[in-house]
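First up is the structure itself, then whatever we jot down about it.
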Amino acid sequence: MNATDLLFELTTRYTEAHRRYHDLRHIADMLCKGASLDLNEEQRMAIWFHDAVYEPGSKDNEEDSADLAVQKLIAAGWPVDRAQVVAEIIRDTKGHQPSIEESKKVLDLDLSTLGGSWEEYQRNGANIRAEFANLSDAEWNAGRSDWLRAMLGRERLFWTEWGTPLEKQARENLQRDLDQLNGS
């Protein structure tokens, strides 16, 4: 598989009709923000592949995306060990906890929109809600509340010097979202 075919396949995946947040815009945002972070090739490939397989509600998206990355990168001539680093970074996006150093920048980029303006945060939340249109409002609100509490309960959301300044705004956005869901 050559680079053109790989980029075309990934672009096709990120433009699937059911995607509203986990789409090509999300990848472009991460890559643009990451331009100042001296990302290595494994980190860039992890960004491209981290949501390549995305079915709302599936517990296997990250694992399936990691497996796809290994398969496609090896087919493109990558050494197995480098493809495995990409896969590990992708797996770390499931819980947003780094198991290897290379994951930290990618995790911060993936969550960076949490630390944006409230308007941006709301827009992204609405897009994620649209991906879960099959859920009732009660189901969505319960699941979203659980996720928000889990994120707020973490000691830290960001792992790099670049991401650390986003922490305060991200926590404010998460808390405001939770308060609105709970009618506070």
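The values are calculated or read from the model by the stated rules, or taken from the named source; none is laboratory data. Treat the numbers as computed from the prediction; the structure is a model and nothing was measured. Here the Cβ positions follow ideal geometry from the backbone for every residue, glycine too, while neighbour counts run over all protein chains shown.
Among the candidates LEU68, LEU109, LEU73, LEU157, the residue that is over 25 Å from LEU6 (Cβ atoms), in contact with a helix residue (DSSP H, G or I) (Cβ under 8 Å, 6 or more places away or on another chain) and not small (Gly, Ala, Ser) is uniquely LEU157. Which of the residues belonging to the stretch 71-95 are surrounded by 19 or more Cβ atoms within 10 Å (Cβ to Cβ) and of a type outside the set (D, E, K, R)? Matches in the stretch 71-95: LEU73, TRP78, ALA83, VAL85, VAL86, ALA87, ILE89, ILE90, THR93.
Got at least one residue in the stretch 97-111 being among the polar types (S, T, N, Q), assigned to a helix (DSSP H, G or I) and either surrounded by fewer than 19 Cβ atoms within 10 Å (Cβ to Cβ) or free of Cβ contacts under 8 Å to residues at least 12 places away in the same chain (or both)? Scanning the stretch 97-111, I find no residue that is among the polar types (S, T, N, Q), assigned to a helix (DSSP H, G or I) and either surrounded by fewer than 19 Cβ atoms within 10 Å (Cβ to Cβ) or free of Cβ contacts under 8 Å to residues at least 12 places away in the same chain (or both), so the answer is no. Among the residues of the stretch 42-85, those identified as assigned to a helix (DSSP H, G or I), over 23 Å from ALA28 (Cβ atoms) and not hydrophobic (A, V, I, L, M, F, W, C) are GLU63, ASP67, GLN71, ASP81, ARG82, GLN84. Does the stretch 132-140 contain any residue that is buried (at least 18 other Cβ atoms within 10 Å of the Cβ) and either charged (D, E, K, R) or at pLDDT 95 or above (or both)? For the stretch 132-140, residues buried (at least 18 other Cβ atoms within 10 Å of the Cβ) and either charged (D, E, K, R) or at pLDDT 95 or above (or both): absent. Going by what's in this entry, would GLN175 be described as of a type in the set (S, T, N, Q), part of a loop (DSSP other than H, G, I, E, B) and either touching a helix residue (DSSP H, G or I) at 6+ places or on another chain (Cβ under 9 Å) or surrounded by 14 or more Cβ atoms within 10 Å (Cβ to Cβ) (or both)? In short, no.
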